[in-house]
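Reading through the C-alpha cells given below for one structure.
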Amino acid sequence: MLVLKKLELKNFEVLFNLMLLGAKDRFVTVKTNELAKILGKSQQSASLYLSKLEKDGYIQRTVEREGTSVKLTQKGVDLLVTVYLLLRNELEESPTTINMEGKVFSGLGEGAYYMSLQGYREQFVKKLGFDPYPGTLNVRLDNRYVKEREKLNEYRNFGIKIEGFSNGVRTYGSLWCFHAFVEGIRGAVVIIERTHYDIDVVEIISQYNLRKELNLKDGDRVKISVFI
C-alpha cells in the first residue's frame, strides 16, 4: 500500500497519539517530555519525531514558551483515515470492498468544472474529509469488472450522499461517493446521478492529482478498491 510506505511505524504512532490529544481539528499544546512518556521514548526522540512529521507535511508546528503547538494537516488526517479503512476491511466479518481494474483515459474536462463548484466542494470537505483536486481520474473497466461497477449503483444508498443544489441559474444533481484507494492512494469513487459515461466507467476524486501522483498516462492500468 503506497501511502503506508511513506510513514515509518514510530512516526505513525506519534501521529495517532497527537490525534488522541485533540490535534485533528485544532492546535494543541504538546510538551515533549509528556509526549515522550506516552511513547516510552526519550524527550529528544519525541522532538525528533515531531520534526520529521513537520518536515514530511503531516503536522503544523509552532514552538512556544509553554510547549509545542501542534495540529494535524490534511495529509496527516488522510493517512489516519487510510489506516482506519484498511483495518475496518480486514476486521469486519462481511465483505466491505469491491475490487476493480481498468485503463486510464482522458475525459471531456467536466470533472474539473464540477469539482470546482463550491456547492459540491464544501460537502466533499465536510463529508469525505478532503478538498478534492479539480478533476477526476477516469478509468474504463475491464469487461469482467462491469458487474462490480453495477453493484455500486445498487449500493449507492449506502454511500455518502452529496446533495444537489441550485445557483439560481442552473440546478446540479446529487452525487454518491464511496471511499476508495487507487493504487494505494486514498480517494473516492463518485456515482453521478446524471452522467454521459457508460456503466464500464468509474470516476475518482482525491485530494491529490492522481495522474501526477501515480505518474499515469492514458492507457495505463490501475487497481481500485472501493469501500462499501
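The values are calculated or read from the model by the stated rules, or taken from the named source; none is laboratory data. Note that the coordinates shown come from a computational prediction; the quantities given were computed from them, not determined experimentally. Cβ sites come from the backbone with ideal geometry, for glycine too, and all protein chains shown count toward neighbours. Keep in mind that these areas ignore ligands, DNA and RNA; they rest on the heavy atoms of the full protein, side chains included. Shrake-Rupley method; radii C 1.70, N 1.55, O 1.52, S 1.80 Å.
Among the numbered conditions (1) closer than 16 Å to THR97 by Cα; (2) open to solvent by less than 40 Å² (accessible area, probe 1.4 Å); (3) modelled with pLDDT of 90 or more; (4) not β-branched (Val, Ile, Thr), the only one that PHE124 does not meet is (1).
Within segment 165-196, the residues that satisfy the criterion of being touching a residue at least 12 places away in the same chain (Cβ under 8 Å) and of a type in the set (Ser, Thr, Tyr) are TYR172, SER174. Take the conditions more than 13 Å from the chain's Cα centre (by Cα), aliphatic (A, V, I, L, M) and open to solvent by 40 Å² or more (accessible area, probe 1.4 Å) and apply them to ILE191. Does it pass? Answer is no for this residue. Got at least one residue in segment 218-226 being closer than 12 Å to ASN153 by Cβ and open to solvent by 60 Å² or more (accessible area, probe 1.4 Å)? Checked segment 218-226: no residue is closer than 12 Å to ASN153 by Cβ and open to solvent by 60 Å² or more (accessible area, probe 1.4 Å).
Scanning segment 77-111 for residues that are under 22 Å from THR195 (Cα atoms), open to solvent by less than 40 Å² (accessible area, probe 1.4 Å) and outside any strand (DSSP E or B) yields GLY107, GLY111. Can you say whether GLY67 is touching a helix residue (DSSP H, G or I) at 6+ places or on another chain (Cβ under 8 Å), at pLDDT 85 or above and either small (Gly, Ala, Ser) or farther than 30 Å from VAL201 by Cβ (or both), as far as the supplied structure shows? Here the answer is no, as GLY67 does not meet what is asked. Residues in segment 198-213 that are in contact (Cβ under 8 Å) with a residue 60 or more places away in the chain and in a loop (DSSP other than H, G, I, E, B) were compared, and the one that is nearest to GLY102 (Cα to Cα) is ASP200. Checked against the criterion of being polar (S, T, N, Q) and closer than 21 Å to LYS212 by Cβ, segment 84-97 has no qualifying residue.
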